[in-house]
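J.: Got a structure here, written out as structure tokens. Questions coming.
The values are calculated or read from the model by the stated rules, or taken from the named source; none is laboratory data. All of these numbers come straight from a predicted model, not from anything done at the bench. All Cβ positions, even for glycine, are placed from backbone atoms using ideal geometry, and neighbour counts span all protein chains on display. When the accessible area is computed, the model is the full protein with side chains, heavy atoms only, and any ligands, DNA or RNA have been set aside. Shrake-Rupley method; radii C 1.70, N 1.55, O 1.52, S 1.80 Å.
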2 protein chains.
Amino acid sequence: MARPSHVRNSVRELIESGDRHDWSIEDLHAGILASGLTADYSSVFRAVTWLERQGVIGQVALGDSRIRYELAGHHHDHVRCDACGAVSSLPDCLLPRAEARVEKGTGFSVTGHHLVFSGLCPACR
Amino acid sequence: MARPSHVRNSVRELIESGDRHDWSIEDLHAGILASGLTADYSSVFRAVTWLERQGVIGQVALGDSRIRYELAGHHHDHVRCDACGAVSSLPDCLLPRAEARVEKGTGFSVTGHHLVFSGLCPACR
DNA sequence: CTAAGTGCAAATCATTTGCAACCAG
DNA sequence: CTGGTTGCAAATGATTTGCACTTAG
């Protein structure tokens, strides 16, 4: 069913390139244009939606008012600079057994979590 | 400088009433109308902004695409039901010394964090 | 031919702001 | 009178959708 889609390919390539983990749709759109290719914002939106539904990428909710995406797969948490907005990711998850504790305490069955630290990055402090 | 403001009072009362910790502006607006009083959405917005600046309430970013607020003060984390959207809060913070670890690992100076667990609430599971 | 992918414009949704009327001090 | 508060309408910002055109399978 899937036909060649250069927009989807470009989006996937950008996100898989790995250096960033806080891609907004606008960032992706700009990235594609910067590489010489063309793509409409709405096409990027649809590509992102599609990739998300396929489980290739996932949303990252930073305090920021736009939706951001990163490669899905290995779970990790983030640190965000309050001053410049820079985001870094942490190598491993700091909540090894916290979920079990939450389950006991609340009665919820916990399937995951989202953790963002805030502070100042080395450059801004 | 501050004159009586029934909108601000209503918003504060609702949020201080304590049962919820995921008030959106729309929720607050609806809540005020439900109590028989009137208030414009924009006035509620301004009241919320004012209370936030005063440090009375703070934002809570749940996956949800709208900004939510809760009483500021004691820090605690949340669990959100993926099915019905219900939110509960956890009594204490589960990351006592995690911030120090993050500082060492990333070079950021960490000032806080935001943690949301996701799963299914007792009613939905 | 048929359905997927794309661009363009327009519709939504939620948040914010401008402005004039209003009112307590 | 003066400045804070409010309602109403309109501006923003970002996400989402409708539609027609193009093209791979």
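J.: Dipole magnitude of chain B about its Cα centre, charges +1 at Lys/Arg Cβ and -1 at Asp/Glu Cβ only, in debye to the nearest 20?
T.: 240 debye
J.: Given N residues in the protein assembly as shown, what is Rg(Cα) / (2.2 N^0.38 Å)?
T.: Normalised Rg, Cα atoms only: 1.13.
J.: Still on this model: As I understand it, the value is the acute angle between the Cα axis of helix B:6-16 and the longest principal axis of the Cα atoms of chain B; what does it come to in degrees, rounded to 10?
T.: Approximately 40 degrees, to the nearest 10.
J.: If you place +1 on the Cβ of every Lys and Arg and -1 on the Cβ of every Asp and Glu, how big does the dipole about the Cα centre of the protein assembly as shown come out, in debye to the nearest 20?
T.: It works out to roughly 20 debye.
J.: Go ahead and run the numbers for FRET between B:Leu33 and A:Thr49, Cβ-Cβ distance against an R0 of 30 Å, rounding to 0.05.
T.: So, using R0 = 30 Å, E works out to roughly 0.30.
J.: Any chance you could check the Cα centroid distance between region B:67-125 and region A:1-40 for me, in angstrom?
T.: After rounding, the separation between the Cα centres reads 31 Å.
J.: Please list B:His114, A:His21, A:His78 from largest to smallest accessible area, probe radius 1.4 Å, with all protein chains kept in place.
T.: Result, largest first: B:His114, A:His21, A:His78.
J.: What is the average number of partner chain Cβ atoms found within 10 Å of a Cβ in B:97-108?
T.: 5
J.: Any idea how far apart A:Ser42 and A:Arg97 come out in nm if each label point goes 7 Å out from Cα toward Cβ?
T.: 5.3 nm
J.: Still on this structure: Solvent-accessible area of B:Thr106, probe 1.4 Å, all protein chains present, reported in Å² to the nearest ten, please.
T.: For B:Thr106, the solvent-accessible surface is approximately 30 Å².
J.: Here is a further query. Average partner chain C-beta neighbours within 10 Å, per residue of B:19-30?
T.: Mean partner shielding for this stretch: 0.
J.: I'd like the trypsin sites (Lys or Arg not before Pro) in region B:1-77 restricted to DSSP loop residues with at most 14 other Cβ atoms within 10 Å, sorted by number.
T.: B:Arg66
J.: Let me ask something else. Based on the alpha-carbon gyration tensor of region A:75-125 and its eigenvalue square roots a ≥ b ≥ c, which shape applies: rounded if a/c is under 1.5, prolate if not and a/b is larger than b/c, or oblate? Please list the in-between numbers first.
T.: Working: a/c = 3.61, a/b = 2.75, b/c = 1.31.
Prolate is the answer for region A:75-125, as a/c is 1.5 or above and a/b outweighs b/c.
J.: Would chain B count as rounded, prolate or oblate if I go by the C-alpha gyration tensor, calling it rounded below 1.5 in a/c and otherwise prolate when a/b exceeds b/c, oblate otherwise?
T.: In terms of gyration-tensor shape, oblate.
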